[in-house]
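None of the figures in this text is laboratory data; all of them are computed from the coordinates on show. If you're wondering where the values come from, they're calculated on a predicted model, not measured in any experiment. Cβ sites come from the backbone with ideal geometry, for glycine too, and all protein chains shown count toward neighbours.
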């Protein structure tokens, strides 16, 4: 690879992006420049003499053209290389946007246990405006029938305080994504309560808590 490639793209590419763009650059070098315009077509033809006889032997022959197959093949190769380069760049930006903007860093994981069940709460980095995305995964809690459900709370002053999210258990594991307007600190305690209308009303009976 010549130094021209490094001058064009700089040094802030990932190894995969650099490899793809190097392949495109090599294809463009192999194709070479497009065919030159014939010299006869670079200048307009001289105006015709109106008084000249119109005999067949005075007709000026058209300039010869390059073979169509060679010109078409060269342009097709250049077009394919440019399209591939644009696709690689577009894909890189799309992946960067997806994994850089939407996939957020996990800043804390809080484990919970109780009633023979386990759970974990994953806290992600804050969104704009101060909302904190969270993901709760629970295994081992029994399914509740009817209007019964579970609620995740922040434990405060010896009792369930701020409600985070309510959920129903499915078979096996249950995962729920939600956001809260506050950050979970190192000393924040979480609990899961079981709420059964008529038996265990709000905020419910504590069945899991932070380990």
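Centre-to-centre, using Cα atoms only, the range 109-125 and the range 139-211 are separated by 11 Å. Here the range 106-146 is scanned for amide nitrogen atoms under 15 Å from the site 7 Å beyond the Cα of residue 170 along Cα-to-Cβ, giving 136-141, 143-144.
Over the range 137-211, consider all pairs of different Cα atoms and compute the Kirkwood hydrodynamic radius from their mean reciprocal separation; express it in Å, one decimal. Don't skip to the answer; put the middle values down first.
Working: mean 1/r = 0.0774 Å⁻¹.
Across the range 137-211, the inverse of the average 1/r is 12.9 Å.
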